[in-house]
């Protein structure tokens, strides 16, 4: 029954021993994802005299922390407070509050970390002069093993701390709410599409000198590392470079910035856009006193070079500018032609003329019409600073200077004209006013392009009198038009009578035209026949001539051919003929000569003809009728001729012989 008693006693003794060891704090285990904060319960050096952290081994919270694993201690001397590691998510910021250290100076808002910048070594932090309170240095993403008895860490998810006193809880809660209101746990992100810039207000450091409203730009130059504060992301370097608390002239442009919002807050404003057709005149609130560049003749204020306080002599051309509107003002001045309208019901898009109204006139004949006007104005972009320096802005120039000047000018014009002249001479007045007022506008650095005058109008009080004048004018014009109408009607009557006469003549003209055409047709037919006959005659004549010419040419050719042949034959027979000629001549001479021979040949041929024709030698019928009562016939005549020729031939021969 009692065999197991020693074993039970052993276990009990071991358990009691472990309980006593744990209670005495001899052995402690810390997980790897946690830390142990040591609180010393007693010490031969006594209790801590000042502050919260015991740096010289006194009783109290110790500067060193315990990491993961087993740790051994003197019994009943230490208490170990377990706490988690501090984790800062990516893209977020952690803020540190020191519960112990040197108190802040009266001018300080945050604790300096120029030397004491290692929050994970509490002893080093305190010995290097670390200050209590919220710190300038921030924690970026990562995991940190911090002594949460010394430091309180604020993250977006939670606040890491060790058992706060009720008095501390309200302070820490207020600090966490302030950071949250300023969106301090996230980086400052300025997107390209937003066209925004960041205006920085620093809440720590020395105050601005008297008279200054914007802290000047300091440091920020990578060429001087000791002053390069990297756009307010390094507060210590910013203050070392001479930075002041307050709103800064230096602005942030597109990008992401990890800025301690307890040190500096960021306000996003739109970029300054100078539209096309305008320039931006800069009125700077900061900078030193510059030299006046306006010249001795310009006595309306000073113009300075860019960078100095005052109106800059060079305007901003169209574009986008990261301009700090707390450090100055950009006044838009149009450089294209714009129209100023003196009319209550009509206002231009620039709204320079929204307070202008029609000019009230008093004419020479005591009427009081109102005159609407439009004035086209241009401002040279290099003269825009002069306009701003002298008048403040274009609208003030229009209302305080141009309106009284233009109104007075046309009031003077109205007093020299009757109402009717004012209506009828509008073009002349318009041209004259454009010329005379151009020099007046030039005195205010403006270029007058044109003056346009509307139709005078009547107000309610004087409307009836003006309407009566206009009615008379209209009646007069109607009368003039009626006279012209009557003249035209008279001329129309004359034209109508002439027209009717011509219409009557036109009606008879048809018959005249028919007869004339008939005559002309017949005449044309005769001419056609004559022309046809002439054409036929000419055709015959030409044909005959052509035939004759052809015949002549052919005959001539044939004659030439025959002549050639005859000449050849003649030459042939010439010899024969010469030989026989003598014989013949002798024969002829023997037979009575040539004449006799010829008659003999004729008679011979005649005899042959009678024989071949079987003709009777003695006609059956014989008719008398010979001259001188002598009768005879052809045969007798031929015989008689032959005998006569024979006798004559013999006689000649006989005479020749004799």
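Taken together, the values in this text are just the output of simple stated rules run on the coordinates, not laboratory data. In this text, all values refer to a predicted model and were calculated from it rather than measured experimentally. Every residue, glycine among them, receives a Cβ derived from its backbone with ideal geometry; neighbour counts consider all protein chains shown.
Give, in nm to one decimal, the length gained when the segment between residue 533 and residue 436 is fully stretched (0.36 nm per residue of separation minus the Cα-Cα distance).
Details: separation 97, 0.36 × 97 = 34.92 nm, distance 9.14 nm.
Additional length available on full extension: 25.8 nm.
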(Q) Just want the ordering: 174, 203, from fewest to most Cβ atoms lying within 10 Å of their own Cβ. (A) 174, 203
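Which of 71, 250 comes first, and how do the rest follow, when ranked by fewest Cβ neighbours within 10 Å?
Working: 71 17, 250 21.
With the fewest neighbours first, 71, 250 line up as 71, 250.
How would segment 334-463 be classified by its alpha-carbon gyration tensor: rounded, prolate or oblate, with rounded meaning a/c under 1.5 and the a/b versus b/c comparison settling the rest?
Details: a/c = 2.32, a/b = 1.79, b/c = 1.29.
Taking the square roots of the gyration eigenvalues as a ≥ b ≥ c, segment 334-463 is prolate.
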Q. Pulled fully out, how much extra length does the chain show between residue 424 and residue 485, if you take 0.36 nm times their separation in residues and subtract their Cα-Cα distance?
A. 19.7 nm
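What's the exposure ranking of 342, 42, 312, going from fewest to most Cβ atoms within 10 Å?
42, 342, 312
Just check segment 13-164 against the gyration tensor rule for me: Cα atoms, a ≥ b ≥ c as the square roots of the eigenvalues, rounded for a/c under 1.5, and otherwise prolate or oblate depending on whether a/b exceeds b/c.
Oblate.
What FRET efficiency, computed as 1/(1 + (r/R0)^6) with R0 = 45 Å and r the Cβ-Cβ distance, is obtained for residue 351 and residue 415, rounded to the nearest 0.05? Don't skip to the answer; put the middle values down first.
Details: r = 32 Å, r/R0 = 0.71.
The calculated FRET efficiency here is 0.90.
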Q) For the residue pair residue 449 and residue 300, what label-to-label distance in nm results when each label sits 7 Å from Cα along the Cα-to-beta-carbon direction? A) 2.1
Q. Say each of residue 525 and residue 90 gets a label point 7 Å from the Cα, pointing the same way as Cα to Cβ; how far apart are those two points in nm?
A. 11.9
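How high is the FRET efficiency from residue 9 to residue 141, r the C-beta distance, R0 56 Å, rounded to 0.05?
Details: r = 56 Å, r/R0 = 1.00.
Computed FRET efficiency for residue 9 and residue 141 comes out at 0.50.
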Q. Once fully extended, how much extra length lies between residue 230 and residue 567, figured as 0.36 nm per residue of separation less the alpha-carbon to alpha-carbon distance?
A. 107.0 nm
Q | residue 107 versus residue 56: modelled label distance in nm, points set 7 Å from Cα along the beta carbon direction | A | 3.2
**Q.** Computed FRET value (nearest 0.05) for residue 468 with residue 516, which takes r as the C-beta separation and R₀ as 60 Å
**A.** 0.30
